[in-house]
Amino acid sequence: MSFSLHGIAVSKGIAIGKAMLISRAALEVSHHLVEIGAEEAEAQKLLKAFDQVRKELGKLRSGLPKDAPQEMAAFLDVHQLILSDPTLAEKPLELIRSQRLNAAWALTTQLNDLLEQFAEIEDPYLKERAHDIRQVAERVLKAIHTLQKEATLLADEYLHGDPEMGTIVVAHDIAPHDMLRFKENALSGFVTDLGGKTSHTAIVARSLEIPAVVGIRHASEMIEHGDWVVIDGDNGIVVINPDEHLLEQYRLQQEKGRAETKKLQLLKHTATKTKDGTEIRLFANIELPEDATQAIDLGAVGVGLFRSEFLFMNRVDSLPDEEEQYQEYRRCVEAMFGLPVNIRTIDIGADKVFGSKVETPVSGISPLGLRAIRWSLSEPEIFLTQIRAILRASAHGKARLMLPMLAHASEISESLRLIEKAKQQLLAKGQAFNPEIEIGAMIEIPAAALTLPLFISHFDFLSIGTNDLIQYTLAIDRADHAVAHLYDPLHPAVLNLIALIIKQANEAKVPIAVCGEMAGDPTLTRVLLGMGLTDFSMHFSQILLIKREILGVDISKLKADVQALLKTYEPESQIDLLGRISRH
Ligand code: PEP
Ligand code: MG
């Protein structure tokens, strides 16, 4: 049967292919039957995983500091009890032995049964225990995967698309670190039930340059494995099992899109100047050092944002040490041949987790919690290690250090103190670095935008993280599809904050860029130019598109309309003004 679903368009283009369903992200497990005769070994694997988790919990329990809140000990005790309860292990062992299910499959089957039973319980205390059971089962699943020497929860068979056929991944949700793993594989597109336009999963999907639609509730339940799927990444539409006629129309649209992309390539060597002669600098956002090559190829004049946290994801059991980080940063800096590279220190938390055995701080899972610089300052040794690695890379090119999510003067002074300390440590060891390395701050919290003079006086450059600035100004979780319709870059409050930051930084002659997704959205280029922005940092796939927009603009003609836009709170007048701005 043919039907269509609507969601949030996050990565443009048309993709056509067969659906490959991936089960709920929290419990991504491969489903297969073990070979006849291998049942007992599989059962032993499950028992070993239980044992490993028992030891892990025991270690956590005995390692609790004396002054740790009592609830923490109680919490670990509950998890130990759940783990020891035969209900969790007995049934899966039986499923492995009698039906040859692989260990992870057997465990999730039992987990789902238990969760269903808990859903029917009225008592709120007991209902809450379902959460604990899920957490314990997830620990055991991780242990099973580690035993299988798998670094993450995604089964490898899912990661290899069929280039002949076109493969569309359909999932409830895909974590950013899992999305990153798709980089090496020939996949045609993504559809997920959850997610927002600037969630990190969406950002990585865009970096893969394949069409994606997120936030289609129940897509993973309605689409079946092997269905034909068309993703219209321009309009956020997903068509399942289209008829021949519709399929043909989409094929034509796909061809048209490819021709457009090819045409854009002609702009690669054109200088980025507006019609009135203003020079604009286009920088690239990257997740991994190898992306730098493409950034250069597409004419980026530097890396405006290197999201270093992606180096810390998908690790088996430890974070990269100083030497490993240094080599990666150096690789990136050298690939940019002396152009600036803003290495943003770890921004873990919110929708980005380590995705490995390394624990992500519980509080960091909230966008208002211990994420980014807050986490780094709470882990000074890890932070110092990263700073030293970045400093050492600065001996090989123009590495610059950029700090995310600052809001408080104390965070600024503490970060700068640690940078100074890292310099002293390197000096003591006789290791080379650029003592004049430029330090920058991301302005992505309204509090920072409204106290900009503080940042201007302490930093060499600033970069506006509009993704978070919008999230925190409008109180919208950027990864939550339920409020995605309220995530509005054109909200007058957002526009006024951005304009204020650009104006103050320009007056103080401190370089200012936008590195959030707004910089790569061609429908917003003119508005940002009208505010006086000259440095844009975006995913490299957007660079030529934005360049084409810039080449057609006369800034002097749109300034007055942009100023009027900033004073307009009525949606109708806003639409009128945006229409005028788009015609200048
Ligand atoms: C931003 O918040 O706009 C930004 C560029 O950082 P990130 O998307 O990694 O949070
Ligand atoms: Mg941010």
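The values are calculated or read from the model by the stated rules, or taken from the named source; none is laboratory data. Remember, predicted model here, so these are calculated numbers, not experimental data. Ideal geometry is used to build each Cβ from the backbone, glycine not excepted, and the neighbour counts take in all protein chains shown.
Every condition in (1) part of a loop (DSSP other than H, G, I, E, B); (2) touching a strand residue (DSSP E or B) at 6+ places or on another chain (Cβ under 9 Å); (3) surrounded by fewer than 20 Cβ atoms within 10 Å (Cβ to Cβ) is met by P289 except one, and the failing one is (3). In segment 137-172, the qualifying residues are those that are at pLDDT 65 or above and of a type in the set (G, A, S), and the one that is nearest to the chain's Cα centre (by Cα) is A171. For segment 402-447, how many residues are within 16 Å of P511 (Cβ to Cβ), hydrophobic (A, V, I, L, M, F, W, C) and within 16 Å of ligand 2 (Cβ to nearest atom)? The qualifying residues number 5. Filter segment 208-233 down to residues that are in a helix (DSSP H, G or I) and surrounded by fewer than 24 Cβ atoms within 10 Å (Cβ to Cβ) and give me whichever is farthest from the chain's Cα centre (by Cα). The residue in question is M222. Selection of segment 410-466 for residues being within 14 Å of ligand 1 (Cβ to nearest atom) and hydroxyl-bearing (S, T, Y) yields S463, T466. When each of L500, L565, L524 is tested for being buried (at least 20 other Cβ atoms within 10 Å of the Cβ) and either outside the structural domain of L450 (by TED's automatic domain parsing) or closer than 22 Å to M442 by Cα (or both), the lone residue that passes is L524. For E128, which of the numbered conditions (1) exposed (fewer than 12 other Cβ atoms within 10 Å of the Cβ); (2) at pLDDT 80 or above fails to hold? Every condition holds for E128 apart from (2).
Table: residues versus (1) crowded, with 20+ Cβ neighbours inside 10 Å; (2) modelled with pLDDT under 90; (3) assigned by TED's automatic domain parsing to the domain that holds F118; (4) more than 27 Å from V169 (Cβ to Cβ).
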{"position": "I8", "(1), (2), (3), (4)": "yes, no, yes, no"}
{"position": "S23", "(1), (2), (3), (4)": "no, yes, yes, no"}
{"position": "E28", "(1), (2), (3), (4)": "yes, yes, yes, no"}
{"position": "Q44", "(1), (2), (3), (4)": "no, no, yes, yes"}
{"position": "L64", "(1), (2), (3), (4)": "no, yes, yes, yes"}
{"position": "Q80", "(1), (2), (3), (4)": "no, yes, yes, yes"}
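If the condition is being surrounded by fewer than 23 Cβ atoms within 10 Å (Cβ to Cβ) and either in contact (Cβ under 8 Å) with a residue 60 or more places away in the chain or assigned to a strand (DSSP E or B) (or both), then segment 329-338 contributes R330, E334, F337, G338. Being surrounded by fewer than 21 Cβ atoms within 10 Å (Cβ to Cβ), at negative phi, in the same structural domain as I550 (by TED's automatic domain parsing) and out of contact with any helix residue (DSSP H, G or I) (no Cβ under 8 Å at 6 or more places or on another chain) is a property that R258 lacks.
Residues checked against (1) within 16 Å of ligand 2 (Cβ to nearest atom); (2) farther than 25 Å from D291 by Cα; (3) among the aliphatic types (A, V, I, L, M); (4) in the same structural domain as I286 (by TED's automatic domain parsing):
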residue: H485; (1), (2), (3), (4): no, yes, no, yes
residue: L490; (1), (2), (3), (4): no, yes, yes, yes
residue: E507; (1), (2), (3), (4): no, yes, no, yes
residue: G516; (1), (2), (3), (4): yes, no, no, yes
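Any idea which residue in segment 371-386 is farthest from ligand 2 (Cβ to nearest atom), counting only those that are within 16 Å of Q425 (Cβ to Cβ) and either surrounded by fewer than 24 Cβ atoms within 10 Å (Cβ to Cβ) or among the aromatic types (F, W, Y) (or both)? So, considering only residues that are within 16 Å of Q425 (Cβ to Cβ) and either surrounded by fewer than 24 Cβ atoms within 10 Å (Cβ to Cβ) or among the aromatic types (F, W, Y) (or both), the one farthest from ligand 2 (Cβ to nearest atom) is E381. Among all positions in segment 360-376, there is no residue which is touching a residue at least 24 places away in the same chain (Cβ under 8 Å) and more than 15 Å from ligand 1 (Cβ to nearest atom). Elements of the type helices (runs of 4 or more DSSP H) sitting completely within segment 25-144 and holding at least 1 residues that are of a type in the set (D, E) and closer than 23 Å to F354 by Cβ: these cover 39-62.
One residue alone among A519, A564, A505, A513 is part of a helix (DSSP H, G or I), within 26 Å of the chain's Cα centre (by Cα) and small (G, A, S), and that residue is A519. Restricting segment 468-485 to residues that are modelled with pLDDT under 95 and in contact with a helix residue (DSSP H, G or I) (Cβ under 7 Å, 6 or more places away or on another chain), which is surrounded by the most Cβ atoms within 10 Å (Cβ to Cβ)? Checking each candidate, the answer is R478.
Does G196 meet the test of being crowded, with 23+ Cβ neighbours inside 10 Å, within 26 Å of A519 (Cα to Cα) and of a type in the set (G, A, S)? So G196 passes the test. So in segment 452-475, with the set limited to residues that are in a loop (DSSP other than H, G, I, E, B) and touching a residue at least 40 places away in the same chain (Cβ under 8 Å), which one is nearest to ligand 2 (Cβ to nearest atom)? The selected residue is G465. Checked against the criteria, P453 counts as surrounded by fewer than 16 Cβ atoms within 10 Å (Cβ to Cβ) and under 21 Å from K509 (Cα atoms). Residues in segment 298-312 that are within 16 Å of ligand 2 (Cβ to nearest atom), at pLDDT 95 or above and not in a strand (DSSP E or B): S308 only. Note on segment 536-559: residues that are under 20 Å from N496 (Cβ atoms) and not β-branched (V, I, T) amount to 3.
Within segment 419-451, the set of residues being part of a helix (DSSP H, G or I) and under 30 Å from M518 (Cβ atoms) comprises I419, P446, A447, A448, A449. Restricting attention to segment 494-511, the residues that are free of Cβ contacts under 8 Å to residues at least 40 places away in the same chain, closer than 21 Å to L578 by Cα and away from ligand 1 (no atom under 16 Å from the Cβ) total 1.
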